[in-house]
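The values are calculated or read from the model by the stated rules, or taken from the named source; none is laboratory data. Remember, predicted model here, so these are calculated numbers, not experimental data. In this analysis, Cβ positions are derived from the backbone assuming ideal geometry, glycine residues included, and neighbour counts consider all displayed protein chains.
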Amino acid sequence: MDIAEFTKATGNFLKAVDVAEDKNKKFVITEEPQLVTSEKFGNERVHIVGELSKEKKIFDCSKTNARTISDALGTETKKWIGKVLLLETYTTRTSDGKMTNAINVAEVLEE
């Protein structure tokens, strides 16, 4: 039995590899972001639904990235819809000491 389909990651969460492989790295916010409690990280995070190369994704946004966005667009998330985030990736160390790639908001565009 081939379990490849069973073991594939599910969900439409934006991953660092998605950003690294994308030519323009522009994420267009298409819905009002939501504040959620992350089971994985044990804290509150902002989920931003948008499109990267016309593919719908959820950006699990850290507090640092949320601050960058709110500094540019304000704290009212309804006003973020239609705005564009220029994304980049970087390497960081996780709490358990492993190196991993992460997503950073390099710039907020008014496109």
For this session: Looking at (1) of a type in the set (Phe, Trp, Tyr); (2) within 20 Å of Lys40 (Cβ to Cβ); (3) in contact with a helix residue (DSSP H, G or I) (Cβ under 8 Å, 6 or more places away or on another chain), find the lone condition where Trp80 falls short.
Result: (2)
Problem set entry | Residue that is surrounded by 12 or more Cβ atoms within 10 Å (Cβ to Cβ) and modelled with pLDDT under 95, where the choices are Ser38, Ser70, Ser95 | Ser38
For this session: Pull up the stretch 56-102, narrow it to residues that are touching a strand residue (DSSP E or B) at 6+ places or on another chain (Cβ under 8 Å), small (Gly, Ala, Ser) and assigned to a loop (DSSP other than H, G, I, E, B), then point me to the one that is nearest to Glu21 (Cα to Cα).
Result: Ser62
